[in-house]
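Below is one structure, written out as structure tokens; comments come after it.
The values are calculated or read from the model by the stated rules, or taken from the named source; none is laboratory data. Predicted, not measured: the structure shown is a model, and the values here were computed from it. Cβ coordinates were reconstructed from backbone atoms using ideal geometry, including for glycine residues, and neighbour counts include every protein chain displayed. Areas reflect the complete protein model, heavy atoms only, side chains present, ligands, DNA and RNA absent. Shrake-Rupley method; radii C 1.70, N 1.55, O 1.52, S 1.80 Å.
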Amino acid sequence: MPSGSDYQVASVTVERSFASAVQRAGLSAAVAAMLARAFADEIDFRRDLKRGNAVKFIFENPQDGETETGDGDLLMPLAVRIEIGPRFHDVFLFRDDDGNASYYPKHGLEPEPAMSRYPVAFRRISSHFAPRRLNPVTRRWLPHDGVDFAAPAGTPVYATADGSVAFVGSQTGYGNVVKLRHRPPYSTTFAHLSRFADGLRAGGSVKQGDVIGYVGSTGWSTAPHLHYEVRVNGVPQDPLSVDLPREEPIRTAELERFAQETGRLAALF
Ligand SMILES: [Zn+2]
């Protein structure tokens, strides 16, 4: 049973920024960045965080014979609280069974989507997914197998999930097009590109968030936009509503352990 002396609570006051406050507590810039990411869903640091707000840390005291308190040289607090007026936000250190460490809000231990919804910073949706629509170029009724994101020519286009490049090149209608294969049953298509990312080639691999090309108006297109398709088992689905694949769910036993630890630690602040 842990006692109060197993832990140490430290507190710093925000002067310039969250990162500098965290580093004054003795943490590295890398840990400060991890914490900033964990808080990002709840706190807009530029808008919400003010000079004088408190940041509190719970550290584990080294046990007898132990000299290290974190991952190698990385000092990692078990929990961090930001107090903004009467409100507070907590994140907690969680190590999975493989020893990977990350910070999560108390209820934030949900797996991240392994596919993002939007492949481009778009201005508007210029055409929705539709089983049948009048194609503005061919003047024929055809299904619209994807969604069109209007964006200026040259806007970067990102892979929405990890995968491999199935096709890079030009096709009638699509113009310059990239097709990616992801973990089954998903595949994606990006059409009307002005050009491809340097070094992109069929058979290569991509990571979620990699730039694969740039918005253009090649093929059957009347203005710069990205035509984006998501297929599940080869069948086009509406990219705006398709169920996104998730990372491996965290095992229930780990979740229970995390919930117990967060309750115990939050009581120490
Ligand atoms: Zn389209």
Q | Pair list, Cβ < 9 Å and 6+ apart or interchain, from region 37-54 residues that are in the same structural domain as Y104 (by TED's automatic domain parsing) and of a type in the set (S, T, N, Q) to residues that are part of a loop (DSSP other than H, G, I, E, B) and surrounded by 11 or more Cβ atoms within 10 Å (Cβ to Cβ) | A | N53/V14
Q.
Can you confirm whether Y186 is within 16 Å of the ligand (Cβ to nearest atom) and in contact (Cβ under 8 Å) with a residue 12 or more places away in the chain?
A. no
Q) Are there any pairs, at least 6 apart or on different chains, whose C-beta atoms fall under 9 Å, with the first in region 204-227 and in contact (Cβ under 8 Å) with a residue 60 or more places away in the chain and the second charged (D, E, K, R) and within 15 Å of the ligand (Cβ to nearest atom), and if so, which? A) S221/D148; H225/D148; L226/D148; H227/D145; H227/D148
Q. Taking region 32-55, which residues are open to solvent by less than 50 Å² (accessible area, probe 1.4 Å), out of contact with any helix residue (DSSP H, G or I) (no Cβ under 7 Å at 6 or more places or on another chain) and part of a helix (DSSP H, G or I)?
A. A33, M34, A38, F39, D48
Q) If you go through region 189-198 one residue at a time, do you hit one that is exposed (fewer than 13 other Cβ atoms within 10 Å of the Cβ) and basic (K, R)? A) no
Q. Does region 121-129 contain any residue that is under 14 Å from P236 (Cα atoms), outside any strand (DSSP E or B) and in contact with a Gly (Cβ under 8 Å, 6 or more places away or on another chain)?
A. yes
Q | Some residue of region 164-172 being more than 15 Å from L200 (Cα to Cα) and open to solvent by less than 20 Å² (accessible area, probe 1.4 Å) | A | no
